[in-house]
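Report on one structure; see the data block that follows.
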Amino acid sequence: MIRSLRIPRSASRTPLGWVAVVPAGLLVLVFLVLPALIGLFNTFTDSTPEGKAWHIVGLANYRAVLADSTLGVAFGNALLLTLIAVPVEVIIGLALAGLLRRPFPGRSTVRVLLLAPWLVSPIAAGVMWHFLYNSQVGITGWANRLLGGNGGGSPLADPRWALLSVALVEVWRMAPLAAFLLLPGVSAVPQDDLDQATVMGSPLLTTWRVAIIPRIRALLLTVLLLLVAQSLTTFDGILVLTGGGPGSHTMTPALYAYTLAVETHNWPMGTAVSWLLLLAVLAVGAAYIRLLRVDAA
Amino acid sequence: MSKRLKWSGFWRVVGIVAALVFCLLPIVWTLVAALGLQPDGLRLQGKFTLDNLTGITTFEPAFVSEFAYTLAVSLAATALTIGAAFPAAFWLARTSSPGVAALMPTLLVLAVSPLIAYGLPLSNVEHAAGLYGSFAGLVLASAAVQLPLAVWLLRGYLLRIPRSLDEAAVLDGASGLTVLLRVVLPVALGGVIATGVLVFVLDWNLYLLPTLLISHPPEVLPVAMRDFFAFERDLEWPSAAAALIIAVAPAFLVVFIAQNALENLVFDPEG
């Protein structure tokens, strides 16, 4: 009797067994992992999609892209964009989650509306903000005229403002999403913990540091991973907004890889740049996994 | 104390209103332009009209077929992603295999990896497999791209469903597939819908993947929009605004319909 119960119990842990992961595993292996590895191999060859004959060229592609000054500019821009956009997104996200923490009538509607900017695709957001930054029909021109100006020019064409303007579009799309994702975690912090911090007389920032952040650490790290990877790999929005210009003031590694491989048909260099970018994201990912593990320990 | 509370309530309202203006002003600005109106000082100028919205095919004749093609690709890819992710997430939620703990954050890292790194060679793979430019080729690739995130999200939901539920069904002699579809799915439906909606939006907005995998036509909307924008820089704002409003409408509609499910979205590595 005990025996007959034990067998279905152990089987019941996974009704379909490991067969259940086969479709998902196959799709990911064939369409993601295999192409990524082929791409990695390609970076050590001179192969192109059109050419039949190819040779191993060792590190020549990497030497070529590292000698190219645009690559440094592109990675510098991505880093700057990340350093500007991500802290702003996290602070807005946390602040909004704090404001929406306690229930009030209409809170669920407000929470869904936070998703609105993210629902606009990066391409559509690019087209939209191209016009919103326009001196005649845009918001910046309207505000400039309201303050007595003549509309001004588009900040996207100004080398000093271009990257900041791109960062603002990024913040517009991602900060409300961060708030949306952080809200359940922040709401779940028990009121008692917050009251205790308040009784101790701690000002707002200390309450966050002592009572809230430690409780949502894993969630916050996960949102950070999403935001950092998003801004490091920014591509479609910039393609429409500035095309990387003026000059290379808003060039990013993903856009540079795409330009090299697809537009100038330099396939080996394009894949090499895209793998350098992937390595940067994997390094961020490794840091994330490590920090999560520290969290669990 | 009550005075302090009153003030904190005041600042809370100010903050929430400011956030909503920040989120929605660009979209409302676009909607107003699509309806033929233009802010001038503190008033709206122009005449309300639906002509920009209804006349969208005059400047983009293929708009309707592009819209339909994007919708078909996104729906098929979402169905495939969820269909493959659900059983996988269930196994990962129930197994005690070592390595699952390490696999889950790795899936998330895979989900945020730059598409360009595998998208370029993927177009070669699809050429070699005869899938390049086909509906199936785009659907399979899109489904695979969203799979890591979908599995990660769904597992978070399935961990919350008590084990005893499916264990009891197995004891009653139900087959694996029956347990999954008749016992677990109804309980996990909210999570499946929330995940499906996020995946649909991501699919609907894909740009780089279709650019690399389809030879136009037929084009998907983001690709058509970018091509049009790149080659017609003198595009009028009301026409562009109308195209934008129609192009974002399906994502808004889906989220609006599924808002109850999205309200319970769990985005936490600890489930």
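The values are calculated or read from the model by the stated rules, or taken from the named source; none is laboratory data. The structure displayed is predicted, hence computed values, not measured ones. Cβ atoms come from the backbone with ideal geometry, glycine included; neighbour counts cover every protein chain shown. With ligands, DNA and RNA removed, areas are computed over all heavy atoms of the protein, side chains included. Shrake-Rupley method; radii C 1.70, N 1.55, O 1.52, S 1.80 Å.
Some notes on this structure:
- Carbon and sulfur %, accessible surface of region B:59-267 computed with the full protein complex present, 1.4 Å: 67 percent
- Each of A:156, A:45, A:228 was placed along the dipole of chain A (beta-carbon charges, centred on the mean Cα), and the one lying farthest toward the positive end is A:228.
- Percent carbon-and-sulfur accessible area, chain A, ignoring ligands, DNA and RNA, probe 1.4 Å: 68 percent
- The HN-Hα couplings worked out from phi for region B:12-21 by the Karplus form 6.51 cos²θ - 1.76 cosθ + 1.60 (θ = phi - 60°) are 5, 4, 4, x, 5, 5, 4, 5, 5, 4 Hz, whole numbers, x standing for Gly and Pro.
- Spatial separation of Cα centroids for region A:100-139 and region B:129-200, in angstrom: 30 Å
- Inter-chain shielding of B:80-92 (mean C-beta neighbours from other protein chains, 10 Å cut-off): 5
- Calculated FRET value between residue B:129 and residue B:22, using beta carbons and R₀ = 45 Å, to 0.05: 0.50
- Label-to-label distance, nm, for residues given as residue A:67 and residue A:293 (7 Å Cα→Cβ offset): 3.9 nm
- Applying 1/(1 + (r/R0)^6) with r as the Cβ-Cβ distance of residue A:188 and residue A:79 and R0 = 22 angstrom yields a FRET efficiency of 0.05.
- Between residue B:64 and residue A:195, the FRET efficiency from the beta-carbon distance, with R0 = 51 Å, is close to 0.30.
- Integer Hz, Karplus 6.51/-1.76/1.60 couplings in order for region B:113-121, x for Gly and Pro: 6, x, 4, 4, 5, 10, x, 4, x
- Shielding by partners for peptide B:220-226, expressed as the average number of C-beta atoms from other protein chains within 10 Å of each residue's C-beta, is 4.
- Surface analysis of chain B yields an accessible area of 44 Å² per residue, using protein heavy atoms and a 1.4 Å probe.
- Remark on residue A:45: its backbone amide H falls under 5 Å from those of A:57, a criterion applied only to residues 5 or more positions apart or on other chains, H modelled at 1.01 Å from N.
- Amide H within-cut-off set for residue B:132, under 5 Å, with H built and near neighbours excluded: B:127
- Whole-Hz ³J(HN,Hα) from phi, Karplus 6.51 cos²θ - 1.76 cosθ + 1.60, for region B:184-199, glycine and proline x: 7, 4, x, 6, 9, 4, x, x, 5, 5, 4, 5, x, 5, 4, 5
- Buried between A and B is an accessible area of approximately 8300 Å², summed over both sides with a 1.4 Å probe.
- Of the peptides A:183-193, B:107-117, A:240-250, the order by per-residue mean of other Cβ atoms within 10 Å, starting with the highest, comes out as B:107-117, A:240-250, A:183-193.
- Using 0.36 nm per residue and subtracting the Cα-Cα separation, the extra length available between residue A:29 and residue A:52 on full extension is 5.8 nm.
- Among B:39-45, B:204-210, the order from most to least packed when residues are scored by Cβ within 10 Å on average: B:204-210, B:39-45
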